[in-house]
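The values are calculated or read from the model by the stated rules, or taken from the named source; none is laboratory data. Bear in mind the structure is a predicted one, so any value in this text is a computation, not a measurement. When we count neighbours, we look across all protein chains shown, and the Cβ atoms used for this are built from the backbone with ideal geometry, even at glycine. Heads up: the accessible areas ignore ligands, DNA and RNA and are worked out on the full protein's heavy atoms, side chains in. Shrake-Rupley method; radii C 1.70, N 1.55, O 1.52, S 1.80 Å.
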Amino acid sequence: HNINYKVKVLKRLSALFRCCFKIHPKKTFGGLLLLLLLFWFSLPKPLFDTPYSFVLEDAQENLLGARIANDGQWRFPMTEKKIPAKFKAAIIEFEDRRFESHLGIDFKGILRALEQNIRNGAIVSGGSTISMQVIRLARGNRSRNIFQKIIETVLAFRMELTYSKEEILALYAAHAPYGGNVVGLETAAWRYYGKKAALLTWSEAATLAVLPNTPALIHPGRNRDALRAKRNRLLTRLLEKNALDSFEYQLALEEKLPEKPLPLPRLAPHLQVKSDLNNNSFRVKTTLETKLQQRVTNILKKHQERLAQNEIHNAAALVVEVETGNILAYVGNVVGAGAQHGEQVDVIPAPRSTGSILKPFLYALALEEGLISPRSLLQDVPAQLGSYRPENYHEKYDGLVQAERFVIRSLNVPAVNLLSDYGLQKFHYRLQKMGMTTLNNNAQHYGLPLVLGGAEGSLMDIVGIYASMARTVNHFHRQDGQYATNDFRPLNYKATAQSQATALSNTPPILSAAACWQTFETMRQVERPNTEGDWEQFTSRGNIAWKTGTSFGFRDAWAVGLTPRYVVGVWAGNADGEGRPGLVGVKAAAPILFDVFSLLEQDTWFEQPIDEM
């Protein structure tokens, strides 16, 4: 902060004030007070009133995507008050060698600039410090003349009294021009080198240090020699200052200059346009992991090419960490499906008919109340329930089936019979308590088909409920039978979200650990129908509890799977709701589900939650 120098200057100003005060006390006091007030309030607040790009980052602050600012500029908002060490050394050496020791005004630099201008007969140097350049940028790069220079000088001095040197450098780095519509160091690092500013090499840092001085040099195909010469001269000066060693210097000289600007990453385009991200926050750090996001995106793209042969154009996937509830991958749709097929639609929060994906919830709730056990017998015969007549997928009936079989084989008739016994109103209420936010009508509106897809749910909610159930099993205190009260909660995608303190309770907040565990045990045995209508085991790698769903009219295909560490949810279909023959969960969504799980670490299984008290 250069405190000693600032104190010294202020002491000299104080001595000057005392001297004048002795000669003309009242005039001196009044005049200086007015000047002091004008000076102190002369600095605009905020210093920069410019629009910024909306920036989306992953958990490691890697760029996931960005949206151009309202004025057509790529201008990233400031992240912090520090800038990378290499760029700091380069910009100070190139622009303002005495930056650390002056208070916004470098009189030696001004005299040197005046001498150069007189010698050349034209203005070739302005003698501006970095602080003065920050003021010029903040004031919109007004025309250069003596009057504007005086204003910049006063405001630079005023800024130095409030801002630290690191803050001033950060302001300069965030608003310096880098050619075309590229503004700021961070933006330039991504546009010209495809990386964070913190990862710049010496050559790259030197190039970006000289560029704001003459941003037109970045034009591809022109001015390459001039830009390279300026960069190399700066590298030589840095070598002489021992900022880098001779080996680093030689490597830096060999590096190529950037070509035309690179396209910015576009890894989570659907997440970045969510309305709740636009609350005057220009930068959102998420919980996503870039590599996983890219790989899940590629998997969906590969499967969409297969599904498109049947006119199925859209798919979405969500990967969640059970322990935290953090979203690790968010692919709201297949990029490249085409605007005519609704690729811009974010399917993850969209209400869609759930099909059979809710059956495990009914199974868990019935186990919770002791209404059934896994081996209880349920009727599987054609039945007429009022005006509703449920049918199994293949229109075959077994008479009596064990309760767990209606989940394993996704049988409709036993599910409806169980819902009738459990209570439609109660099931509707418990789904809302568990986290389904899309049940906007009363239970009678949906009727008994509620468990078969008669209501709409979102992939976000459904995955969130399964993650909460898994968390309940993981956190259950087996020795004292206690539960964490906040295990049922919505998913989170913001890295800055505050973690809530975990309170313990002797009663389960929503579902017991035993009911959740038994449900997962049953889901591990899920079978699929073959072409003859019989049932066979769907083999999968590792221990995965999973369930599929297909909506009426073959409009939505679902698959959700979980382990103690992860939950994966997949949806496939058409964003406009068009149904297609063969659009069923086990064929369209399940293959995507298991391909995504192949990216994740293999996991052990849930520990059985036996109360040992």
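3J(HN,Hα) along segment 226-243: 5, 5, 5, 5, 5, 4, 5, 5, 5, 4, 5, 5, 5, 5, 5, 8, 6, 6 Hz, from the Karplus curve 6.51 cos²θ - 1.76 cosθ + 1.60 with θ = phi - 60°, whole Hz, x for Gly and Pro. Ranked by the mean number of other Cβ atoms within 10 Å of their residues, highest first, the peptides 148-158, 307-317, 232-242 come out as 307-317, 148-158, 232-242.
When the pairs K195/K301; K86/K302; K494/K547 are compared against a 31 Å limit on Cα-Cα distance, K86/K302 fall above it.
Which of rounded, prolate or oblate describes segment 392-522 when judged by the alpha-carbon gyration tensor and an a/c cut-off of 1.5? Since a/c reaches 1.5 and a/b is larger than b/c, the shape of segment 392-522 is classed as prolate.
Residue ranges 342-355, 435-448, 93-106 sort as 342-355, 93-106, 435-448 when ordered by packing (mean number of other C-beta atoms within 10 Å per residue, highest first).
Taking a ≥ b ≥ c as the square roots of the eigenvalues of the alpha carbon gyration tensor, segment 190-333 is prolate, as a/c is not under 1.5 and a/b beats b/c. Rounded to the nearest 10 degrees, the angle from helix 412-422 to the longest Cα principal axis of the chain is 90 degrees.
Could you pull out the pairs from K359/K587; K291/K359; K108/K241; K359/K396; K45/K285; K45/K88 whose alpha carbons sit more than 22 Å apart here? Over 22 Å apart, Cα to Cα: K291/K359; K45/K285; K45/K88. Under 16 Å of direct C-alpha separation, and excluding same-chain neighbours fewer than eight residues apart, K260 reaches these aspartates and glutamates: E204, D225. In terms of overall dimensions, the C-alpha atoms belonging to segment 198-239 reach 27, 22, 16 Å along their principal axes, ordered largest to smallest.
Computed with the Debye formula from one identical point scatterer per Cα of segment 560-613, without solvent, the log10 of I(q)/I(0) at q = 0.19, 0.21, 0.23 Å⁻¹ comes to -0.74, -0.82, -0.90. Taking Cα atoms only, the orientation of helix 3-23 departs from the longest principal axis of the chain by about 50 degrees. For the chain, the solvent-accessible area with a 1.4 angstrom probe is 47 square angstrom per residue. Of the solvent-accessible surface of the chain, computed with a 1.4 Å probe and all protein chains present, 53% belongs to carbon and sulfur.
Note on segment 217-263: along the principal axes its Cα atoms extend 33, 20, 14 Å, ordered by decreasing extent. Restricting the chymotrypsin sites (Phe, Trp or Tyr not before Pro) of segment 551-584 to loop positions (DSSP other than H, G, I, E, B) with no more than 12 neighbouring Cβ atoms within 10 Å leaves nothing. As a size descriptor, the averaged projected area of the C-alpha convex hull of the chain was calculated at 38.4 nm². The shape of segment 314-420 can be summarised by an equivalent ellipsoid whose semi-axes, obtained from the alpha carbon gyration tensor, come to 34, 20, 11 Å from longest to shortest.
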